[in-house]
Amino acid sequence: MLKTLLVDDEPLARDELRQQLASHAGFDIIGECGNAIEAISLIHRQQPDVVFLDIQMPRVSGLEMLAMLDPDKMPRVVFVTAFDDYAIQAFEEHAFDYLLKPVDPQRLAKTLERLRRDASPQPLPAQALAPLEVVPCHGVNRIALLPLVEVEFVSSRVSGVFVQAVDGREHFTELTLRTFEARSGLFRCHRQHLVNLRAIREIRLGDNGAADIVTLGGRSLPVSRRFLKPLKEALGIPC
């Protein structure tokens, strides 16, 4: 059974697609989401095999959502949309298929047969992925979309991944460090930290190859010995 997720901001569209899928064996609908932010969280938790994804949705589009997914755990994505304008862009983003609403039953059947035959998808190379431009950050009763240029660094902790903004505020995000590393241009300075190179004020060198970054906001990050030389090279510092 292929674990399947439906993502569309129109409940009627989800209902129609769910009813069509019910007549085909091999697809287990594990959830439905009305927006991309909910879908990102569910994809990370449930790791579906297939996502049927609308493109035009409020706040974060289906295409933008792809840039927020972990490239090592990318499901097969079938776009389902009322517009054919995005077909080329969708396939450039390595969509598995592109269906137009209202979904033709015979066309859907062909897509489902291909999904059954298709082997497990391989992780996409980072250069094939769209760049991350905004970061969905979860707060109390709200979700903020933080522009990537306003990110100072990102850290992974036991309780999750947290984004430090240049304005001093810290935010929780459902995105993984791997997503940031592959799509954001942030530099890995430590196993648990990625930093915006433009937010570095200085590098403090310690004993035995140890070092720390001091950001423009005055916060400190450790630099692992293995990442110190690449960090200097990225900043144009002679090694």
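Below are the figures for this structure:
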quantity	calculated
Number of positions in the range 136-173 that are open to solvent by 50 Å² or more (accessible area, probe 1.4 Å) and either closer than 19 Å to Leu69 by Cα or not acidic (Asp, Glu) (or both)	12
The one condition in (1) without any contact (Cβ under 8 Å) to a residue 60 or more places away in the chain; (2) not in a loop (DSSP other than H, G, I, E, B) that Pro48 fails to fulfil	(2)
Pair list, Cβ under 6 Å, 6 or more apart: the range 131-148 residue within 15 Å of Arg178 (Cα to Cα), other residue part of a strand (DSSP E or B) and not aromatic (Phe, Trp, Tyr)	Val135/Leu146; Val135/Val163; Val135/Thr173
Close pairs from the range 11-38: first farther than 26 Å from Met68 by Cα, partner of a type in the set (A, V, I, L, M) and open to solvent by 70 Å² or more (accessible area, probe 1.4 Å), Cβ under 7 Å, at least 6 apart	Gly26/Met1
Failed condition for Asp49, given (1) open to solvent by 20 Å² or more (accessible area, probe 1.4 Å); (2) farther than 20 Å from Thr179 by Cα; (3) of a type outside the set (Gly, Ala, Ser)	(2)
Matching residues, the range 168-203, being free of Cβ contacts under 8 Å to residues at least 12 places away in the same chain and in contact with a strand residue (DSSP E or B) (Cβ under 6 Å, 6 or more places away or on another chain)	Glu170
From the options Arg59, Arg14, residue that is at positive phi, open to solvent by 20 Å² or more (accessible area, probe 1.4 Å) and either modelled with pLDDT of 95 or more or part of a loop (DSSP other than H, G, I, E, B) (or both)	Arg59
Residues located in the range 187-239, provided they are in contact with a helix residue (DSSP H, G or I) (Cβ under 9 Å, 6 or more places away or on another chain), assigned to a strand (DSSP E or B) and open to solvent by 50 Å² or more (accessible area, probe 1.4 Å)	Leu205
Single condition Arg107 does not satisfy, out of (1) farther than 27 Å from Ala182 by Cβ; (2) surrounded by fewer than 18 Cβ atoms within 10 Å (Cβ to Cβ); (3) in contact with a Phe, Trp or Tyr (Cβ under 8 Å, 6 or more places away or on another chain)	(3)
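The values are calculated or read from the model by the stated rules, or taken from the named source; none is laboratory data. Only a predicted model underlies this, so the values are computations on that prediction, with no experimental measurement involved. Quick reminder, even Gly has a Cβ in these numbers, built from the backbone with ideal geometry, and neighbours come from all protein chains shown. Note: areas computed on protein heavy atoms with side chains; ligands, DNA, RNA excluded. Shrake-Rupley method; radii C 1.70, N 1.55, O 1.52, S 1.80 Å.
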